[in-house]
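The values are calculated or read from the model by the stated rules, or taken from the named source; none is laboratory data. Quantities reported herein were computed from a predicted structural model and do not represent experimental measurements. Backbone-built Cβ (ideal geometry, glycine too); neighbour counts: all protein chains shown. To get the accessible areas, we keep the full protein, side chains included, count just its heavy atoms, and leave off ligands, DNA and RNA. Shrake-Rupley method; radii C 1.70, N 1.55, O 1.52, S 1.80 Å.
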Amino acid sequence: MSENEATRCGVVAVIGAPNAGKSTLVNQLVGQKVAITSPKAQTTRARMLGIALHGPVQMILVDTPGIFAPKRKLDRAMVSAAWEGAEAADAVLLLVDPVKQRRHELEPLLEALANRPERKILVINKVDAAKKEALLTLAQELTGKVDFAEVFFISALTGDGVPEMKEALAAMMPEGPWHYPEDQVSDASERLLAAEVTREQLYRQLHEELPYDSAVRPES
């Protein structure tokens, strides 16, 4: 970052149905692992932040818990926390998995997004796994329901299309001082990150045996 460049800093809320690939995308944007990923729904509990840099721009990624139809009190609390994360955003990024669309979870998101004032970005994920015609049809349908400022086709897994999207997001951020030091990639402590990575491995290694939640306490 050169001395005379004006710094920019903003908040990007990353939303989508559970398992759309939000954590994988946040990790790609940050350039290292800060958000845990798991094939089980609702792995993301907290509003775990990732901090991505692009030249003079700092983007604070609010990785919201998957917003889903809440049945229990705990779920409802998580849903409202997810929307609070999206409230003060400079851009709201809706990530959609075109293969498993999870319509019952995507539709309420689209309805809620339609009336929100923030700049909205549609990101169609998993371009490496879906047919091109299907992707274009889906994008056309979704842009008919919500006024998206931009549409991107990416693969969060391979990183395909992510640099272009990151550049466009950076351009949307308002001028202002950075909120975090240059070397900080997350708001989580090393202890919390260690616990989350351990929990992620538990989810991966244990399948049917796993109780629905697990707590990890790092000793060292």
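Other residues lying with their Cβ under 13 Å from the Cβ of residue 178 contribute a combined charge of -3, Lys and Arg counting +1, Asp and Glu -1. Computed from the C-beta positions of residue 107 and residue 184 and an R0 of 35 Å, the FRET efficiency is 0.45 to the nearest 0.05.
With the simple spin-label model, which puts each label point 7 Å out from Cα in the Cβ direction, the residue 99 to residue 115 separation comes to 3.5 nm. When the GluC sites (Glu not before Pro) in region 110-183 are filtered for DSSP coil states and for at most 12 other beta-carbon atoms within 10 Å of their beta-carbon, the remaining sites are 182.
For region 112-206, which whole percent of the accessible surface, found with a 1.4 angstrom probe, sits on carbon and sulfur atoms?
In region 112-206, the share of accessible area belonging to carbon and sulfur is 52 percent.
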